[in-house]
Amino acid sequence: MDHFQRNAQGVLAAEEVSLKDIAKEYGTPTFVYAKATIERHVRVLREGVKDVPHSLCYAIKANSNLAILETLAGLGCDFDAVSIGEFVQALKAGAKPEQVILSGVGKRDDEMRSALKWGARYICVESIEELKALEQIACHEKVCAPVAVRVNPDVDAKTHPYIATGLKQNKFGVAWNQVHELYRWGQERSALSLIGVTCHIGSQLTTMDPFIDAAKRIGVLAGELLERGVPLRDVGMGGGLGIPYTYENPPTPKEYGQALSDILKPLGLNLVLEPGRVIVGNAGILLAKVVRIKEGSERVFVILDAGMNDLIRPALYQATHRLEKVEVSAANHAVVDVVGPICESADTFLEQESLGSMECGDLVALRSSGAYASVMASHYNGRPHVAEILVDGKRAQLIKKRESIADLWRGEFHLQGDAADSTYPLETGSIDDE
């Protein structure tokens, strides 16, 4: 479910604001988010876990725009951060330190020290080596560190290998046969408080079976730890619920939450979920413009002003984002490749797709671009980051300004050591410096 529908004039709109009007005011490419979709997804996810104590800790890595984080904080979400940078982003959005988990497989000592001194909800450790390092930090700071242990349940998430995280060969989590030994060691340390056990098996899962398998394994483990006297407070299942990009039919957030609740409720623990994509994925689109139609010897290429530097998922994960014209065109169809301007053959959004007639200047929306899109953008090929807009009913708000060309060298230095300024080498030209 999203809030990108056609208005009475047949023009695609974000809630009540025409994407044509947004392009006219803010230009393209531009990320556009519908606030109502974010609100709805949080609401239906909560409905699924309403029968158990729970915490929705939004995974900041999915989309870290400050206004998005503020929206989620306003909806009562807590946060999952995988770096100290994301931790501070959550604080900047108004979260308190005790609402933020510090996760991640490669946390530096200084990151754990900062999160510990600030008062993080807990630090999620992923190895005995990391737990030992945290214990030393806690002793030095004379505090007791709240800890959750991420275990690797060796469950096949049946997703793209780049986003599978719960198998034995993955770098994430404590190996299943090492978990009890780790908790035994931690229980003997007064500077550690082992309050949680958690897992995360992968991303963009479209069936419940892997979740159910992992939840049953974690449930048994948590029960064993409780019997041993480990003072668990939280049991975490991470995130990973998929969204419909094209023809996928994943479980609904309510079905997902209810299934996990049914399995883990007997433990009497607080259920921690770390949703990301399922909340913001379908809440965003990448608004782009056709800049050229190229007739090749074998294929017709529709070239957009958006590229893989803006939306890398198709190039990185071989992912498909549904493309829709902002204004309805004639019914005749042509088989085309939709590509970007980047000097890489991987810069391809769609191959051999039958689309309505396309012309230079046409506006298109690349759907489901709210997650793992703007956060993974780069300056590759000398392309500034694009603008971001949040729509709330009839109001479209700029939540990230489009970068200027001068931003490409921001923070850099000339050979002689002087900081590069914001002037152009040439004072004339047709590119406006915003």
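The values are calculated or read from the model by the stated rules, or taken from the named source; none is laboratory data. Small disclaimer: the values here were computed from a predicted structure and weren't measured. Cβ coordinates were reconstructed from backbone atoms using ideal geometry, including for glycine residues, and neighbour counts include every protein chain displayed.
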Exercise. Output the number of the condition that residue 166 fails; it satisfies all remaining conditions of (1) surrounded by 21 or more Cβ atoms within 10 Å (Cβ to Cβ); (2) modelled with pLDDT under 90; (3) in a helix (DSSP H, G or I).
Key: (3)
Quiz item: Do any residues in the stretch 346-365 that are at pLDDT below 90 have Cβ atoms under 6 Å from those of residues that are part of a loop (DSSP other than H, G, I, E, B), where the two are at least six apart or on different chains, and which pairs are they?
Solution: 356/329; 357/329; 357/330; 357/332
Quiz item: So which residues in the stretch 342-362 are surrounded by 20 or more Cβ atoms within 10 Å (Cβ to Cβ) and part of a strand (DSSP E or B), if there are any at all?
Solution: 349
Exercise. Quick one: residue 311 ticks every box in (1) part of a loop (DSSP other than H, G, I, E, B); (2) of a type in the set (A, V, I, L, M); (3) within 17 Å of residue 40 (Cβ to Cβ) except a single one, so which number is it?
Key: (3)
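Kindly provide the set of residues from the stretch 314-341 that are closer than 25 Å to residue 18 by Cα, in a strand (DSSP E or B) and among the small types (Gly, Ala, Ser), ordered by number. Give the steps one after another, and end with the answer.
Keep residues of the stretch 314-341 that are closer than 25 Å to residue 18 by Cα, which gives 320-333, 338-340.
Still in the running and in a strand (DSSP E or B): 323-325, 327, 333, 338-339.
Residues satisfying the conditions do not exist here.
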Quiz item: How about the stretch 1-105: which strands (runs of 3 or more DSSP E) wholly inside it have at least 1 residues that are at pLDDT 95 or above and closer than 21 Å to residue 125 by Cα?
Solution: 54-59, 78-81, 100-102
Practice problem: Write out, first by first residue and then by second, each pair whose Cβ atoms fall under 9 Å of each other, whose residues are 6+ apart or on separate chains, and whose first residue, in the stretch 123-147, is outside any helix (DSSP H, G or I) while the second is at pLDDT below 95 and aromatic (Phe, Trp, Tyr). | Solution: 126/172
Quiz item: Which members of the stretch 235-261 meet the condition of being farther than 17 Å from residue 199 by Cα and at pLDDT 95 or above?
Solution: none
Quiz item: If we scan the stretch 265-284, do we find a residue that is of a type in the set (Gly, Ala, Ser), over 30 Å from residue 18 (Cβ atoms) and not assigned by TED's automatic domain parsing to the domain that holds residue 333?
Solution: yes
Practice problem: Using the structure shown, decide if residue 408 is in a strand (DSSP E or B) and either buried (at least 16 other Cβ atoms within 10 Å of the Cβ) or more than 22 Å from the chain's Cα centre (by Cα) (or both). | Solution: no
Quiz item: Given the conditions (1) in a loop (DSSP other than H, G, I, E, B); (2) surrounded by 17 or more Cβ atoms within 10 Å (Cβ to Cβ); (3) among the aromatic types (Phe, Trp, Tyr), and given that residue 247 satisfies all but one, which numbered condition is not satisfied?
Solution: (2)
Self-check item: Of all residues making up the stretch 271-305, the number that are assigned to a strand (DSSP E or B), more than 18 Å from residue 75 (Cβ to Cβ) and not small (Gly, Ala, Ser)
Solution: 15
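Can you name the residue in the stretch 183-203 that is in a strand (DSSP E or B) and small (Gly, Ala, Ser) and is also farthest from residue 130 (Cα to Cα) among such residues? Can you show your working first?
Here is the first cut: in the stretch 183-203, the ones in a strand (DSSP E or B) are 192-198, 202.
Subsequent filtering for residues that are small (Gly, Ala, Ser) retains 193, 196, 202.
Working: 193: 14, 196: 16, 202: 22 Å.
Filtering the stretch 183-203 for residues that are in a strand (DSSP E or B) and small (Gly, Ala, Ser), the one farthest from residue 130 (Cα to Cα) comes out as 202.
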Quiz item: Which residue, of 72, 102, is touching a strand residue (DSSP E or B) at 6+ places or on another chain (Cβ under 7 Å) and farther than 26 Å from residue 47 by Cβ?
Solution: 102
